[in-house]
There are 2 protein chains.
Amino acid sequence: MNKNIKTLNQKIKQQGYRMTRQREIVLDELSKAKGRHPKADEIYQMVRKRMPHISFGTVYRNLRLLKELGLVRELCFGKSFSRFEASVDNHQHFSCMTCGKVVDIDEPFEVSASNVYVGGKPIEVDEYRLEFYGRCDDCR
Amino acid sequence: MNKNIKTLNQKIKQQGYRMTRQREIVLDELSKAKGRHPKADEIYQMVRKRMPHISFGTVYRNLRLLKELGLVRELCFGKSFSRFEASVDNHQHFSCMTCGKVVDIDEPFEVSASNVYVGGKPIEVDEYRLEFYGRCDDCR
DNA sequence: TGGGTAATGAATAAAAATATCAAAACGCTG
DNA sequence: CAGCGTTTTGATATTTTTATTCATTACCCA
């Protein structure tokens, strides 16, 4: 049982949720897919190898819940579907505007989000997302 | 006829496309909706007031084309749909994680995207997107 | 270990994105 | 400015993704 799963256990119980095998496997598989940024259906396929009878609805609902708990991040890059990744250290992405491929970039850019104003009033920012777009080597 | 439409005319012809009334109205309505970040269906409703017989497919296809031409930007903030805005000056957004509302922030953050590396190799970045997330006053 | 309740599985609904194709419209060319 | 090849439209259908429903299952606390 890895660190993510332990954190999951804690957070789940705190909020009145329950720990299920499905939930654990979804997070575990996503953690193992570091750098792959799979979409919901791909995660379903991955999880199904370990738990063949799991339903897509369960995977989907758990992704939403894990996102609420801050253990999973949802990413979108102008395609018609979301991608997911396990929340690890702060990092950013490059996405190819042609083929849609997404890769992690080497060094994270730091943005100081403490001075964000809207209509002259300061806004409390919980997180930010910085994404880079261009064309990958294959698509150029 | 505003400046955006003139640019549209130029770019359209250059690339072998044609100028149509539908195309012009889609861009014009989106230009007038500065700060609203409508989704495709909302743009369709706006355009329909001026051109009642236009079809959703036409609006949708033109949004895609205008995006290709760089006159329109597609935005997504973790909801299940895209938002659009006319390409104007560089600026960034704040999105409420609860209600999904999106607003422009006052001062743009500058990110120097010249040193982006993936797997040790430099990547040519055409654009970047920086978004801030939190909860708006109403949702707190 | 029993029981109240959250979660699952299976199915389906709803929403959003995309494709198809005959008919219409654009705009070049003479 | 009229004819014509080609692009674009309108209308509709299809696919993909997201979200919901509800009877049954399985957590987990006392």
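Bear in mind that the values in this text are calculations on the coordinates, not laboratory data. It should be emphasised that the depicted structure is a prediction, and the values quoted were computed from it without experimental measurement. Note: ideal-geometry Cβ built from the backbone for every residue, glycine included; neighbour counts use all protein chains shown.
Amide H contacts of B:Cys136: B:Met97, B:Thr98, B:Cys99, each under 5 Å away and 5 or more positions distant or on a separate chain (H built 1.01 Å from N in the peptide plane; Pro and chain starts excluded). Averaged over the residues of B:92-104, the number of partner chain Cβ atoms lying within 10 Å of the residue Cβ comes to 2. Couplings for the stretch A:103-115, taken from phi via the Karplus curve 6.51 cos²θ - 1.76 cosθ + 1.60 with θ = phi - 60°, read 10, 6, 8, 5, 10, x, 8, 9, 10, 8, 8, 8, 10 Hz in order; Gly and Pro are left as x. Using the charge dipole of the stretch B:93-139 (Lys, Arg: +1 at Cβ; Asp, Glu: -1 at Cβ; taken about the Cα centre), state which of B:Phe132, B:Val116, B:Val102 has its Cα farthest towards the positive end. Of the listed residues, the answer is B:Val116.
Remark: label point of B:Ser55 defined 7 Å out from Cα along the Cα-Cβ vector; separations to the same position in other copies 3.6 nm, ascending. Placing a label point 7 Å from Cα along the Cα-to-Cβ direction at B:Glu110 gives distances to the equivalent points in the other copies of 1.9 nm, listed shortest first. Residues whose amide H comes within less than 5 Å of that of A:Met51, counting only those at least five positions distant or on another chain, are absent (H built at 1.01 Å from N in the peptide plane). Of all DSSP-defined beta bridges confined to chain A, some 70% are antiparallel rather than parallel.
Under the convention that each Lys and Arg Cβ holds +1 and each Asp and Glu Cβ holds -1, the size of the dipole of the protein assembly as shown around its Cα centre is about 1340 debye. By the count of other C-beta atoms within 10 Å, a proxy for reagent exposure, A:His53, B:His93 are ordered fewest to most as A:His53, B:His93. Determine the percent antiparallel among the DSSP beta bridges restricted to the stretch B:93-139, to the nearest 5. Counting DSSP beta bridges with both partners in the stretch B:93-139, the antiparallel share is about 55 percent.
Filter the chymotrypsin sites (Phe, Trp or Tyr not before Pro) in the stretch A:1-102 to those in DSSP coil with at most 12 other Cβ atoms within 10 Å of their Cβ, and list the result.
Working: sites: A:Tyr17, A:Tyr44, A:Phe56, A:Tyr60, A:Phe77, A:Phe81, A:Phe84, A:Phe94; in loops: A:Tyr17, A:Phe77, A:Phe81.
Answer in residue order: A:Phe81.
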